[in-house]
1. For segment A:195-206, what are the residues that are more than 10 Å from chain B (Cβ to nearest Cβ), surrounded by fewer than 23 Cβ atoms within 10 Å (Cβ to Cβ) and under 11 Å from residue A:153 (Cβ atoms)?
2. Which residues, counting only those in segment A:137-175, are under 14 Å from residue A:65 (Cβ atoms) and in a helix (DSSP H, G or I)?
3. Given the criteria outside any helix (DSSP H, G or I), modelled with pLDDT under 95, surrounded by 13 or more Cβ atoms within 10 Å (Cβ to Cβ) and outside the structural domain of residue A:54 (by TED's automatic domain parsing), does residue A:192 qualify?
4. What is the one condition in (1) within 12 Å of residue A:164 (Cα to Cα); (2) not in a loop (DSSP other than H, G, I, E, B) that residue A:200 does not satisfy?
5. Going residue by residue through segment A:83-92, is there one that turns out to be touching a residue at least 40 places away in the same chain (Cβ under 8 Å), closer than 30 Å to residue A:12 by Cα and exposed (fewer than 15 other Cβ atoms within 10 Å of the Cβ)?
6. Could you list, in sequence order, the residues of segment A:207-235 that are in a loop (DSSP other than H, G, I, E, B) and more than 14 Å from chain B (Cβ to nearest Cβ)?
7. Name the residue, out of B:66, B:123, B:127, B:72, that is closer than 18 Å to residue B:47 by Cα, loosely packed, with under 12 Cβ neighbours inside 10 Å and more than 14 Å from chain A (Cβ to nearest Cβ).
8. Out of curiosity, is residue A:185 out of contact with any helix residue (DSSP H, G or I) (no Cβ under 7 Å at 6 or more places or on another chain) and away from chain B (no Cβ under 14 Å)?
């Protein structure tokens with residue numbers, strides 16, 4: 001049997017322990033689902049795809065932010081003990097559910113949307129797959145917005161305004177997009193205390209990202225791009 | 001207004017010019033700290049090499065002063081070293097105060113500025129003491 005300690009309640013909640021039978025090839029999401037379906041139906045948590053595509057089931061498992069659907073119990077359990085909590089650095093709604101509003105609002109604040117510059121009458125942009133810009137974009141484009149990097153980032157904890165690894169990674173993929181017309185506005189949005197220059201290069205985001213993206217590298221790119229623009233008087 | 005629209009609106013709230021100039025100032029501080037760090041890396045190496053040379057050759061205080069008195073190159077080097085420290089340390093302390101103490105008011109900038117001046121003045125005084 002597994003001894004599973006699960007966070008119950010809001011920010012002022014507490015851990016409650018459940019006994020869950022242990023199976024082979026059991027994921028942490030299986031454990032949470034077992035508790036909700038067999039022991040306590042009031043347990044709240046999020047999941048959707050169960051196969052590592054949607055990013056909805058991210059939680060803190062034994063102190064580390066992870067996708068619970070892609071985390072085998074055998075890899076993270078300490079003996080028979082598991083501790084499951086909501087993601088850090090985000091307000092807790094209830095139990096294992098966090099309020100992701102601020103996380104996604106920061107994508108918008110980092111100007112994380114593509115700004116087109118052509119019409120349907122113009123030619124398609126041709127971007128070679130091996131061009132340096134496309135290679136830089138490829139390194140960061142697979143982000144699915146699960147919030148694992150944001151929950152793992154020390155700077156987010158210290159500076160609540162900090163845009164965070166995911167939003168800055170998104171901004172970098174657009175800065176490198178030769179079609180995008182929002183570069184100036186985006187560099188302004190990611191400059192300063194709450195932006196890329198607040199990153200301490202701890203690399204926790206890249207260490208924990210389930211997609212093996214290294215947002216720190218994207219943030220380093222933004223630091224250079226913004227510093228160069230300020231140096232040249234363009235910003 | 002949806003969450004995303006609200007977020008876009010947030011960035012336009014207040015004076016964009018003022019926000020932009022504050023962000024620009026932060027970027028200049030970042031550049032200054034990185035440039036001074038590069039300078040410090042060089043200065044610390046030279047300073048350590050000097051210490052090791054003095055110790056290994058058993059130089060007395062008088063022998064060291066004999067080499068530094070009137071030595072314009074040593075004074076210029078240590079003035080540069082002190083300048084790099086006076087730029088680098090207060091910017092880092094300012095960040096620490098912001099992140100660990102939550103001190104983000106304008107008073108922090110004055111304190112960081114005062115620390116910069118004090119480091120520069122005391123450091124230069126020490127350099128001058130072995131020169132004059």
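The values are calculated or read from the model by the stated rules, or taken from the named source; none is laboratory data. The shown structure was predicted, so the numbers you read here are calculated from the model rather than taken from an experiment. We place every Cβ from the backbone using ideal geometry, glycine too, and count neighbours over all the protein chains shown.
1. At the first step, the residues of segment A:195-206 found to be more than 10 Å from chain B (Cβ to nearest Cβ) are A:199, A:201-206.
Those still in the list that are surrounded by fewer than 23 Cβ atoms within 10 Å (Cβ to Cβ) too: A:201-204, A:206.
Within segment A:195-206, A:202, A:203, A:204, A:206 meet the criteria.
2. A:148, A:149, A:150, A:151, A:152, A:154, A:156, A:157, A:165, A:166
3. Working: outside any helix (DSSP H, G or I): yes; modelled with pLDDT under 95: yes; surrounded by 13 or more Cβ atoms within 10 Å (Cβ to Cβ): yes; outside the structural domain of residue A:54 (by TED's automatic domain parsing): yes.
Criteria met by residue A:192.
4. (2)
5. Restricting attention to segment A:83-92, the residues satisfying the condition of being touching a residue at least 40 places away in the same chain (Cβ under 8 Å) are A:83-92.
Of the ones still in play, those that are also closer than 30 Å to residue A:12 by Cα are A:83-92.
Among the residues that remain, those that are also exposed (fewer than 15 other Cβ atoms within 10 Å of the Cβ) are: A:91.
There is at least one residue in segment A:83-92 that is touching a residue at least 40 places away in the same chain (Cβ under 8 Å), closer than 30 Å to residue A:12 by Cα and exposed (fewer than 15 other Cβ atoms within 10 Å of the Cβ).
6. The first filter runs over segment A:207-235 and keeps only residues in a loop (DSSP other than H, G, I, E, B), leaving A:209-214, A:232-235.
Within segment A:207-235, A:209, A:210, A:211, A:212, A:213, A:214 meet the criteria.
7. Values: B:66 fails: loosely packed, with under 12 Cβ neighbours inside 10 Å; B:123 fails: loosely packed, with under 12 Cβ neighbours inside 10 Å; B:127 fails: loosely packed, with under 12 Cβ neighbours inside 10 Å.
Every option except B:72 fails the conditions.
8. Working: out of contact with any helix residue (DSSP H, G or I) (no Cβ under 7 Å at 6 or more places or on another chain): yes; away from chain B (no Cβ under 14 Å): no.
Against the criterion (out of contact with any helix residue (DSSP H, G or I) (no Cβ under 7 Å at 6 or more places or on another chain) and away from chain B (no Cβ under 14 Å)), residue A:185 does not qualify.
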